[in-house]
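The values are calculated or read from the model by the stated rules, or taken from the named source; none is laboratory data. The shown structure was predicted, so the numbers you read here are calculated from the model rather than taken from an experiment. Cβ sites come from the backbone with ideal geometry, for glycine too, and all protein chains shown count toward neighbours.
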Amino acid sequence: MQRSISIRVFIPSISPRPGRAVRLKLPSIALALVAVGLGPASVMAEGETPTTNITLHNASGVFGGAGEKARSKAGQGLPALHSEYQAYLQRADAQARGPSGFRSRNFMAPTAAGYVSIDTAAARDPEVLAADLNALGLEGAAVFGRVVSGDLPMLAIPALEALDSLQFAYPAYAMTQAGAVTSQGDAVIRADIARNTFGVDGTGVMVGVLSNTFNCLGGAPAGVASGDLPAIAVLEDGPCGGQGLLNAFPDEGRALAEIVHDVAPGAAIAFHTADRGQANLAQGIVDLANAGAKVITDDIIYFAEPMFQDGIVAQAVDQVKARGVSYFSAAQNDGRRSYESPFRPSGFGFDFGGQLREFHDFDPGPGIDTCQQITVPVGEGLSLIFQWDQPFASATIGGAGSQSDMDILLTNAACTGFFNDRGGQGGENNLGNDPVEVVQFSNEGPATSFGLIIIRFAGPAPGLMKTVLQDRSRAAQITINEFDTRSGTAYGHSNAQGGSASAPRFTGKRPRSEPPHRFRGSRPFPRRAGSPSCSTPPGTGCPCRSSASNPPSWHRTASIRPS
């Protein structure tokens, strides 16, 4: 049932600070800001009556009835996915197509055959939560620290709300960090010279590989027969045929193994899937070390990995590093499509529940601008990750979680409309949970210019905020058009103290006796791509160093699709 409510927008009369003009994009005041839909609204210029009414439609999933945002253990993404799957099952062709025929409008949704990969945080004992989730049909359950991950039947999503053992759950959004390019890594890093000069080829060393899948395409036996691969110890393969960015290019694990075999043909290789959530990736790191791997590499990022402290995957990297394992993680080619700033009060916002919900001022100068302009080409999919420097509840057992509830919304260029029907909302209730919002948006056209608005809905202003933009096609066509701080895009376990980040490097010329580069599309290479990180233990607060003072250790590599 549709429910409409009215709130009052608060535009205080502000006397500009000396040397600072008020240059607010006033149409942004008409935005619902944390609602999932908009009705007609009016705006006013400075000096008019400081309040007005806005009618918000379909707002019951975000606002509660007592001046507080609605709170759901399953958040916004999972219930939306459940509703979409239920609608699919009612279609006339659903029985013939089966669960595998379902495709969500959310291109990031990590689904396969009626299941969705989830990350959950335990309210108390994670083993109790794992047992409760197993009773709901969770497959491939993995427990690491406070987090339980696995594949949950989408029909079981409503039952999450009744679990006393659960604090919160969300889809395990992830993607591979590899590019589509013919490998030139062996010659670029001069591994062939090292083999011939020093007589080393990896003999006696096991290399562990983590990625989405290894043999969904069925080419592994042929790879062994052709000599592109040795016999591989597959500890756990990933699910095949799924939707989501992580499954866009199957068998990246085999591609990585082929590169390892090119560089170190004498090394043994073991594989473990990085799919099924952060806990499974973290446990896979430990399992590979237990199997004897002395070098481990991956090409995965989970979007909800912390930017400002070590999450469970980074903790797993540090654990195996302490055991003498060398760890390398791909850091993507996203250049500097990141915005980083402290929260700047604008003095503008809206009243809900008797409190001002304030907009962030993007303008670091004398003006006030509450809407940042970005470009998303028609047909492109935007993945936007937004975090702030407060503790992640999921990073430690008993961690306090975020003290603030921050939101980010995608709007039209004029900041007067909100794309709830195509994604675009980042309005989770973060209090006590993880300080992260993940927004997805599929641009069906015709517009290519859009706005971003950040809101401090509750709690203290964070000291530092950060957004990272990813595009579905990996062609680096999504751009930040104003107030672009060109900050680092590498975060999560690729910034772990015990690991090293790796990325392709273009030298401007062909390596010796190698074919020309064959890129699927032009992409910026990373430079100073590290994110800030905590200087205190996880869960105890999050004072942060700047990106420049915490650069990752970079290594040049190459990546290919499997043979």
Filter the stretch 451-475 down to residues that are over 25 Å from Asp405 (Cβ atoms) and buried (at least 18 other Cβ atoms within 10 Å of the Cβ) and give me whichever is modelled with the lowest pLDDT.
-> Arg474
Just checking, how many residues over the stretch 139-153 are buried (at least 20 other Cβ atoms within 10 Å of the Cβ) and more than 18 Å from Gly284 (Cα to Cα)?
-> 1
Residue in the stretch 460-474 that is in a strand (DSSP E or B) and under 18 Å from Gln76 (Cα atoms) present = no
Criterion (at pLDDT 95 or above and not basic (Lys, Arg)) met by exactly one of Ala131, Ala113, Ala96, Ala109 | Ala131
Extreme residue, surrounded by the most Cβ atoms within 10 Å (Cβ to Cβ), among residues of the stretch 236-264 that are charged (D, E, K, R) and farther than 30 Å from Gly77 by Cα | Arg254
For the stretch 196-210, does any single residue satisfy the condition of being modelled with pLDDT under 90, under 25 Å from Pro306 (Cβ atoms) and surrounded by fewer than 19 Cβ atoms within 10 Å (Cβ to Cβ)?
-> no
Does Leu152 fit the bill of being in a helix (DSSP H, G or I) and either under 21 Å from the mean Cα position of the chain (by Cα) or touching a residue at least 12 places away in the same chain (Cβ under 8 Å) (or both)?
-> no
Looking at Asp201, Asp228, which is the one that is in a loop (DSSP other than H, G, I, E, B) and touching a Lys or Arg at 6+ places or on another chain (Cβ under 6 Å)?
-> Asp201
Which residue, of Gln319, Gln355, Gln372, is more than 21 Å from the chain's Cα centre (by Cα) and farther than 22 Å from Asn433 by Cα?
-> Gln319
Test each condition in (1) over 17 Å from Ile312 (Cα atoms); (2) without any contact (Cβ under 8 Å) to a residue 60 or more places away in the chain for Gly75 and report the one that comes out false.
-> (2)
Somewhere in the stretch 374-382, is a residue small (Gly, Ala, Ser) and in a strand (DSSP E or B)?
-> yes
Of the conditions (1) outside any strand (DSSP E or B); (2) surrounded by fewer than 19 Cβ atoms within 10 Å (Cβ to Cβ), the single one that Ala233 does not satisfy is (1)
Residue match in the stretch 350-364 (condition: surrounded by fewer than 20 Cβ atoms within 10 Å (Cβ to Cβ) and modelled with pLDDT of 95 or more) | yes
Are there any pairs with C-beta distances below 7 angstrom linking a residue in the stretch 369-395 that is on the phi > 0 side of the Ramachandran plot and not assigned by TED's automatic domain parsing to the domain that holds Val468 to a residue that is surrounded by 20 or more Cβ atoms within 10 Å (Cβ to Cβ) and not β-branched (Val, Ile, Thr), with the two at least 6 apart or on different chains, and if so which?
-> none
Is it the case that some residue within the stretch 402-415 is at pLDDT 85 or above, surrounded by fewer than 24 Cβ atoms within 10 Å (Cβ to Cβ), aliphatic (A, V, I, L, M) and more than 21 Å from the chain's Cα centre (by Cα)?
-> yes
Turns out the strands (runs of 3 or more DSSP E) fully within the stretch 236-343 with at least 1 residues that are closer than 30 Å to Asn196 by Cα and among the polar types (S, T, N, Q) are 293-298, 326-330
Those residues of the stretch 62-71 that are modelled with pLDDT of 75 or more and surrounded by fewer than 17 Cβ atoms within 10 Å (Cβ to Cβ) come to a total of 2
